[in-house]
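S.K.: Below: one structure in structure tokens.
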Amino acid sequence: MEANRVVVVTGGASGIGLGVVRLFARKGHPVAMLDLQDEALERESAALQSEGARVLARRVDVSDRDDVETAYSAIRSELGPIAIVVANAGISEGVRFLDVDQPTWQRMIDINLTGVFHTVQAALPDMVAAKWGRVITISSHAAQSGASDRAHYSAAKGGVIGLTRALAREFAADGITVNTIPPSVVATPMAEQGVAAGTFPPLDVIAQHIPIPRPGTPEDIAAACEYLASDGASYVTGQVLAVNGGMFIG
Ligand SMILES: NC(=O)c1ccc[n+]([C@@H]2O[C@H](COP(=O)([O-])OP(=O)(O)OC[C@H]3O[C@@H](n4cnc5c(N)ncnc54)[C@H](O)[C@@H]3O)[C@@H](O)[C@H]2O)c1
């Protein structure tokens, strides 16, 4: 893969997103890491820059279109046109369905689904102009098999899968592929917070129910992103690539 292609990763300061940022940055790509966490953005971008990587860190709320557009203008002027987008930013929380009030529902949709809409739609003109692009969304096992106390999360992630498939068809003739990765259990701060809150079982307990008996790592997901972003994956679009140790096979 050409190493000069500009990569945007949302939620790039933690967990899966940080794993994706590190992989592409260390392979020589200019990478923009967008997130809400100022301190982590600063720390992680400085660490990669000290290794010689070309990394731009910006505070962005993906549910805010103006924020996304402003960051993209900076990315275009400092790094160049956007070629690869990994729409990964998201939140998760355990709430019984009967307790999901309208603001709770709306916030989940705004970040986990509308955030992907903003992130991807605002980048696509660069890819259409280049006649080459890669869009990778991070959805979830919860959209494939459901998750108790996560109906709002499951619905938003189901929307991400539908959006991914529709865009794959709409932009196929433009040299742009659009695929989604639905992780099951990945050891990240999000998963650890769920365990601490008692809304997610301990990871070593869940691991006993995974055919490959360990939680996934951000590196597992990043490796799949690298494949989907490669020239070798130019005939792969609209796919749900489950990187999950066999937890869900469908
Ligand atoms: N960890 C898992 O087991 C698992 C399983 C299935 C799906 N996922 C999905 O993977 C993605 C990454 O999750 P993770 O486990 O790395 O979580 P994480 O909490 O470690 O990282 C998510 C990052 O997204 C950022 N973020 C949240 N809201 C944002 C917003 N509005 N704008 C910009 N950035 C925002 C957070 O600040 C954080 O840095 C999420 O979409 C999540 O739903 C994770």
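Derivation of every value follows stated rules applied to the coordinates shown; laboratory data play no part. Computed from a predicted model, the values in this text were never measured in an experiment. FYI the Cβ positions are ideal-geometry reconstructions off the backbone, even for glycines, and counts take in every protein chain you see.
S.K.: Work out Dmax and Rg for the chain from the C-alpha atoms and quote the Rg first, both in angstrom.
M.R.: Using the Cα atoms of the chain, the pair Rg, Dmax is 17.1, 50 Å.
S.K.: For region 1-29 and region 31-51, write down the distance between their C-alpha centroids in whole Å.
M.R.: 11
S.K.: Another question about this same structure. What is the ratio of the Cα radius of gyration of region 184-250 to 2.2 N^0.38 Å, with N the residue count, to two decimals?
M.R.: That ratio works out to 1.28.
S.K.: Taking N as the number of residues in region 102-227, what is its alpha-carbon radius of gyration divided by 2.2 N^0.38 Å?
M.R.: In units of the 2.2 N^0.38 Å rule of thumb, it is 1.16.
S.K.: For the chain, what does the helix formula give at 222 nm: sum of -39500 (n - 2.57) over DSSP H segments with n ≥ 4, over the residue count, nearest 500 deg cm²/dmol?
M.R.: So the helix-based figure for the chain works out to -13000 deg cm²/dmol.
S.K.: Ok, one more. Nearest 10 degrees is fine. How inclined is helix 15-26 to the longest principal axis of the chain, computing both from alpha carbons?
M.R.: 20
S.K.: Taking H placed 1.01 Å from N in the peptide plane, check which residues at least 5 places from Gly133 or on another chain put their amide H under 5 Å from its amide H.
M.R.: It is Ile176, Thr177, by chain and number.
S.K.: When a/c is below 1.5 the answer is rounded, else prolate if a/b is larger than b/c, else oblate, so apply that to region 23-86 with a ≥ b ≥ c taken from the square roots of the Cα gyration tensor eigenvalues.
M.R.: oblate
S.K.: Helix 151-171 sits at what angle to the longest principal axis of the chain, using alpha carbons and giving 0 to 90 degrees rounded to 10?
M.R.: Between the helix axis and the principal axis of the chain, the angle is about 30 degrees.
S.K.: Compute the long axis of helix 218-229 from its Cα atoms, compare it with the longest principal axis of the Cα atoms of the chain, and write down the angle in degrees, 0 to 90, nearest 10.
M.R.: 50
S.K.: Between Asp231 and Arg59, what FRET efficiency follows from the Cβ-Cβ distance if R0 is 25 Å, with the result rounded to 0.05?
M.R.: 0.15
S.K.: Hey, can you rank 165-176, 150-161 by average C-beta count inside 10 Å, highest first?
M.R.: 150-161, 165-176
S.K.: Taking H as built 1.01 Å from N, whose amide H comes closer than 5 Å to the amide H of Val185, not counting residues under 5 places away?
M.R.: Answer set, sorted by chain and number: Gly216.
S.K.: With unit charges on the beta carbons (Lys and Arg positive, Asp and Glu negative) and the dipole taken about the Cα centre of region 143-220, which residue among Gly175, Gln144, His209 sits farthest to the positive side?
M.R.: Gln144
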